[in-house]
1. Hey, can you tell me all the residues within segment 27-64 that are under 16 Å from G119 (Cβ atoms) and of a type outside the set (D, E)?
2. Please give the number of the condition V55 fails out of (1) more than 19 Å from I15 (Cα to Cα); (2) touching a strand residue (DSSP E or B) at 6+ places or on another chain (Cβ under 6 Å).
3. Please list, ordered by first then second residue, the pairs with beta carbon atoms under 9 Å, 6 or more apart or interchain, first in segment 107-130 and on the phi > 0 side of the Ramachandran plot, second outside any loop (DSSP other than H, G, I, E, B) and surrounded by fewer than 16 Cβ atoms within 10 Å (Cβ to Cβ).
4. Within segment 10-40, can you find the residues that are among the charged types (D, E, K, R) and outside any helix (DSSP H, G or I)?
5. Can you pull out the residues in segment 117-138 that are of a type outside the set (K, R) and part of a strand (DSSP E or B)?
6. I'm trying to understand the selection: among the residues of segment 54-89, which are surrounded by fewer than 20 Cβ atoms within 10 Å (Cβ to Cβ) and among the small types (G, A, S)?
7. Checking the structure you have, find out if any residue of segment 2-15 is modelled with pLDDT of 95 or more and in contact with a Phe, Trp or Tyr (Cβ under 9 Å, 6 or more places away or on another chain).
Amino acid sequence: MGSFISFIPTPFEDIDTFFKLAPISHIDIVYDLGSGDGRLLFSALEKGAGKIVGVELDSALAREARKTAVEKGVEERATFLEADVMDVNLTDATIVLCYLFPSASVALKPKFEAELKPGTRVVMESFPIEGWKPVQTEMRGYKTFYLYVMPPGKVERHSQEATVL
């Protein structure tokens, strides 16, 4: 489906916001869709994640993340795929992290609903998933982070009907 965002790395000072919303444990398999240099995922490992999977279209960034995994000695728990997020099976994810354009939310919504197991946590940076009700939000500067838990709650739409007398 192509790129949902150019490489705009999450500032290091914002990384902990993801894990405040979705605390990590050793059983977690954390996916980052549009993983860039892997900074969110390496932080997830430092916080105790069992396994990390980065999905990145840019081959240079995916290579850089793989190299960093080797340098950190975590390559057996780290996978960095050079792939389109729409082509990657997400069924083993327990946490999914995203900082992608709003169009990504629209495209990923049915994929998430079809592939993510109940209880899987999805944290979106800056752009919510339309029609889903976040379990929690966190403001950080000018950004809002959204936590969803599968299956997501739905936003109720109240129609206002005109009464004809």
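The values are calculated or read from the model by the stated rules, or taken from the named source; none is laboratory data. Since the model is a prediction, treat every value here as computed from it, not as a measurement. In this analysis, Cβ positions are derived from the backbone assuming ideal geometry, glycine residues included, and neighbour counts consider all displayed protein chains.
1. I27, I29, V30, Y31, A49, G50
2. Here V55 clears every test but (1).
3. Once the first residue is on the phi > 0 side of the Ramachandran plot and sits in segment 107-130, its partners that are outside any loop (DSSP other than H, G, I, E, B) and surrounded by fewer than 16 Cβ atoms within 10 Å (Cβ to Cβ) give S126/P102; S126/K143.
4. Hits for segment 10-40 are D28, D32, D37.
5. Start the filter on segment 117-138 by keeping residues that are of a type outside the set (K, R), which leaves 118-120, 122-132, 134-138.
V122, V123, M124, E125, W132, Q136, T137, E138, listed by residue number.
6. Passing the criteria: S59, A60, G73, A83.
7. Checked segment 2-15: no residue is modelled with pLDDT of 95 or more and in contact with a Phe, Trp or Tyr (Cβ under 9 Å, 6 or more places away or on another chain).
Yes or no, residue by residue, for (1) more than 14 Å from E125 (Cβ to Cβ); (2) in contact with a Leu (Cβ under 8 Å, 6 or more places away or on another chain); (3) surrounded by fewer than 18 Cβ atoms within 10 Å (Cβ to Cβ); (4) of a type outside the set (A, V, I, L, M, F, W, C):
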{"position": "A22", "(1), (2), (3), (4)": "no, yes, no, no"}
{"position": "I52", "(1), (2), (3), (4)": "yes, yes, no, no"}
{"position": "T91", "(1), (2), (3), (4)": "yes, yes, yes, yes"}
{"position": "T94", "(1), (2), (3), (4)": "yes, no, no, yes"}
